[in-house]
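> Quick one: this structure, given as structure tokens, is what I'll be asking you about.
The values are calculated or read from the model by the stated rules, or taken from the named source; none is laboratory data. Bear in mind the structure is a predicted one, so any value in this text is a computation, not a measurement. Neighbour counts are summed over all protein chains in view; Cβ atoms, including those assigned to glycine, are modelled from backbone coordinates with ideal geometry. Please note that ligands, DNA and RNA were not included when accessible areas were found on the heavy atoms of the full protein model with its side chains. Shrake-Rupley method; radii C 1.70, N 1.55, O 1.52, S 1.80 Å.
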Amino acid sequence: MALPRKIVILTGAGVSAESGIPTFRTNGGITYWDVYEDELAPKSYRVEDVCTPEALARDAGLVHRFYDLRRAALAGVGPNAAHLALAALDAAWTGELLLVTQNVDDLHERAGSRRMVHMHGELRSALCAACGDRRPHIDDLPPGSRCAVCGAAALRPDIVFFGEMPYAMEAIETALAACDLFVSIGTSGAVYPAAGFVQLARHYGAATLELNLERSAGSDLFDATRLGTAGNLVPVWVGEVLAGQP
Ligand code: OAD
């Protein structure tokens, strides 16, 4: 193919695995989500108990606690070689670039990525369910916390729950339609709409590449797949792309 100028990158939990953040699924099926209350004792949560609007309505204490633990865990982890390579690409790439992450951690931005969106929300952000205001939030978020803008006791974790609309879909679809290279990194391809991005990019003529530990659900849809850890594969791929940059 001709050298790419417009690149869209999709990342999933696999890109943060080597930083010590657990992924969600193993062997293609949804598993329990583990969160460490202390180093030796992971506590498992079912997806439907912590990541749906119904769960929030039923037991806000449990849902807030789950995301408090995940938010607190961010203090003990840092970006790995894959995050750093993608940040280096962002800094050096003179063409168009959009990094779309499904991850709610902040490791891409801590590595230095700027041209990016969090389509599934962010752990270090709070959303007002009353007025829609979103703003950075680092500490625990007890149910009933008040919004700084409208005053409602309606702050919730700024996470896109199953059944809710992901963020930035218009910008993402515009970028996918225009890109000439789509790269998917460390995602199982189990959750839509992200799992459908490869088809959209292909439809508009982009070349497609998958970098993952194992073949994902939609692996056959990619022009090429490289299997391995993100920490190994991503720096090599970024090096190739930057070497080919005019
Ligand atoms: P998954 O846990 O479903 O998939 C992680 C993928 O990363 C798998 O395909 C693994 O093979 C791969 N993987 C694991 N370790 C890796 C490594 N070191 N290097 C490269 N790849 C590795 O996570 P996602 O696909 O991100 O949504 O899950 C998508 C969404 O499901 C998440 O954003 C989350 C969840 O529901 C929300 O929280 C809203």
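> Being part of a loop (DSSP other than H, G, I, E, B), within 11 Å of the ligand (Cβ to nearest atom) and surrounded by fewer than 23 Cβ atoms within 10 Å (Cβ to Cβ) is the filter here, so list the residues in segment 104-125 that pass it. First the steps, then the outcome.
So the first thing to find is which residues in segment 104-125 are part of a loop (DSSP other than H, G, I, E, B), and the list is 104-106, 112-115, 119-120.
Retained after the next criterion (residues that are within 11 Å of the ligand (Cβ to nearest atom)): 104-105, 119-120.
Scanning segment 104-125 gives M119, H120.
> Could you list, in sequence order, all residues of segment 202-228 that are in a strand (DSSP E or B) and within 18 Å of the chain's Cα centre (by Cα)? Lay out the reasoning, then the answer.
Pass one, segment 202-228, residues in a strand (DSSP E or B): 207-212, 224-227.
Residues satisfying the conditions are L209, E210, L211, N212.
> How many residues, within segment 185-201, are among the aromatic types (F, W, Y) and either open to solvent by less than 40 Å² (accessible area, probe 1.4 Å) or assigned to a strand (DSSP E or B) (or both)? Even if it seems obvious, please write down each step before you answer.
Our first condition is that a residue be among the aromatic types (F, W, Y); within segment 185-201, this holds for 192, 197.
From what's left, either open to solvent by less than 40 Å² (accessible area, probe 1.4 Å) or assigned to a strand (DSSP E or B) (or both): 197.
Total satisfying the criteria: 1.
> Give all pairs with beta carbons closer than 8 Å in which a residue from segment 88-105 that is modelled with pLDDT of 95 or more meets a residue that is among the acidic types (D, E); count only pairs at least 6 apart in sequence or on separate chains.
These pairs meet every condition: L97/D90; L99/D90; V104/E122.
> Restricting segment 126-184 to residues that are basic (K, R) and not in a loop (DSSP other than H, G, I, E, B), which is least open to solvent (accessible area, probe 1.4 Å)?
Restricting attention to segment 126-184, the residues satisfying the condition of being basic (K, R) are 134-135, 146, 156.
Pick out the ones that are also not in a loop (DSSP other than H, G, I, E, B) and you get 134-135, 156.
On the way: R134: 94, R135: 106, R156: 24 Å².
Taking the candidates together, the pick is R156.
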